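The values are calculated or read from the model by the stated rules, or taken from the named source; none is laboratory data. The model shown is predicted, which means the values in this text are computed figures rather than measured ones. For neighbour counting, all protein chains shown are included, and Cβ atoms are generated from backbone atoms with ideal geometry for every residue, glycine included. When the accessible area is computed, the model is the full protein with side chains, heavy atoms only, and any ligands, DNA or RNA have been set aside. Shrake-Rupley method; radii C 1.70, N 1.55, O 1.52, S 1.80 Å.
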Amino acid sequence: MKTGTTLNKTNKLVVSWAGGKDGCFACYKAISEGYDITYLLSFRDMKRSGSHEINPKLLSAQSQAIGIPILQTDFISYEQEFKKVIRDLKENGTGIGGAVFGHIETHKNLVVRICSDLGIKLILPLWNCDSEQIITDFIGAGFEAIIVSAKADLFDKVWLGRKIDKEFVSDLRSFHKGVDSCGEFGEYHTFVIDGPMFKNRIRVVNSEKILKDGYWFLDISKYAIEGK
């Protein structure tokens, strides 16, 4: 889904990035449509520890593996920090013309307001798409992602580290029909380690499963970036 005025594809886009499959797949779809992705933008909430938030070093590793630079910043207000980053980029002459988000059913009013206030194009490639179709297409495109956190009142720690594949989708469907296939409502979170837009892949070397703030969390302490 694209909203707002027409965007010339020579304009540069940024992607809201948290390391997971939805933002990554949205980025991939924008690239597939011919858009120039200039930066991945990652924002870390200073008001909460957020056990589902991925270590910034891992996000940097993704940036390196993909070949698109990442800008990471802390925030108290996501909206204000996002606007500040875009305005700074515009002042530096980077020609940012739009932003890509991986939202499926939530936060639309927020991102519409942000992009409208900034005068940039809003692109929502996954908006209102069927969650099971999205995850099926994600797998079919050749992406590889693992579960890095999951709500402890829904999942046991055995789900951590599982690869997002056809078996996962089948198991999730039979396990709990109330869980969104993409975890759109925070049921689980993923970390993408490889895919068609990755120049290199990420291999998890060491990790530990911990319980924190109501989430099972895969604490990745060591990783490697490898050639494909």
Exercise for review: State yes or no: is V100 among the β-branched types (V, I, T), open to solvent by 40 Å² or more (accessible area, probe 1.4 Å), in contact with a strand residue (DSSP E or B) (Cβ under 9 Å, 6 or more places away or on another chain) and within 18 Å of I86 (Cα to Cα)?
Suggested key: no
Exercise for review: State the number of residues belonging to segment 131-154 that are under 17 Å from F191 (Cα atoms) and not in a helix (DSSP H, G or I).
Suggested key: 11
Point to revise | Unmet criterion (only one of (1) of a type in the set (G, A, S); (2) over 30 Å from G95 (Cα atoms); (3) out of contact with any Phe, Trp or Tyr (no Cβ under 9 Å at 6 or more places or on another chain)) for A150 | key: (3)
**Study point:** Pair list, Cβ under 8 Å, 6 or more apart: segment 67-87 residue closer than 25 Å to E226 by Cβ, other residue in a loop (DSSP other than H, G, I, E, B)
**Key:** G67/K199; I70/W17
Exercise for review: Determine whether L172 is modelled with pLDDT under 95, of a type in the set (A, V, I, L, M, F, W, C) and buried (at least 17 other Cβ atoms within 10 Å of the Cβ).
Suggested key: yes
Review point. Got a sec? Which of E132, E144 is surrounded by 16 or more Cβ atoms within 10 Å (Cβ to Cβ), acidic (D, E) and within 26 Å of L218 (Cα to Cα)?
Key: E144
Study note, to complete from the structure: Just one listed residue, out of Q72, Q80, is farther than 27 Å from W216 by Cβ and open to solvent by 30 Å² or more (accessible area, probe 1.4 Å), and it is Q80
Exercise for review: Sort through G161, G119 and tell me the only one that's more than 17 Å from V15 (Cβ to Cβ) and free of Cβ contacts under 8 Å to residues at least 24 places away in the same chain.
Suggested key: G119
Exercise for review: Would you point out which residue out of K157, K108 is at pLDDT 95 or above, surrounded by 13 or more Cβ atoms within 10 Å (Cβ to Cβ) and either closer than 30 Å to E91 by Cβ or not β-branched (V, I, T) (or both)?
Suggested key: K157
Exercise for review: Identify all residues within segment 83-97 that are open to solvent by 40 Å² or more (accessible area, probe 1.4 Å) and touching a helix residue (DSSP H, G or I) at 6+ places or on another chain (Cβ under 9 Å); write none if there are none.
Suggested key: R87, K90, G95
Study note, to complete from the structure: Within segment 183-203, the residues that are hydrophobic (A, V, I, L, M, F, W, C) and open to solvent by 50 Å² or more (accessible area, probe 1.4 Å) are F185
Check your understanding: What about T106, is it of a type outside the set (F, W, Y) and touching a strand residue (DSSP E or B) at 6+ places or on another chain (Cβ under 6 Å)?
Key -> no
Review point. What is the residue count in segment 160-200 for residues that are acidic (D, E), under 15 Å from I139 (Cα atoms) and assigned to a loop (DSSP other than H, G, I, E, B)?
Key: 1
**Study point:** In segment 19-46, the residues that are aliphatic (A, V, I, L, M), open to solvent by 20 Å² or more (accessible area, probe 1.4 Å) and without any contact (Cβ under 8 Å) to a residue 60 or more places away in the chain
**Key:** M46
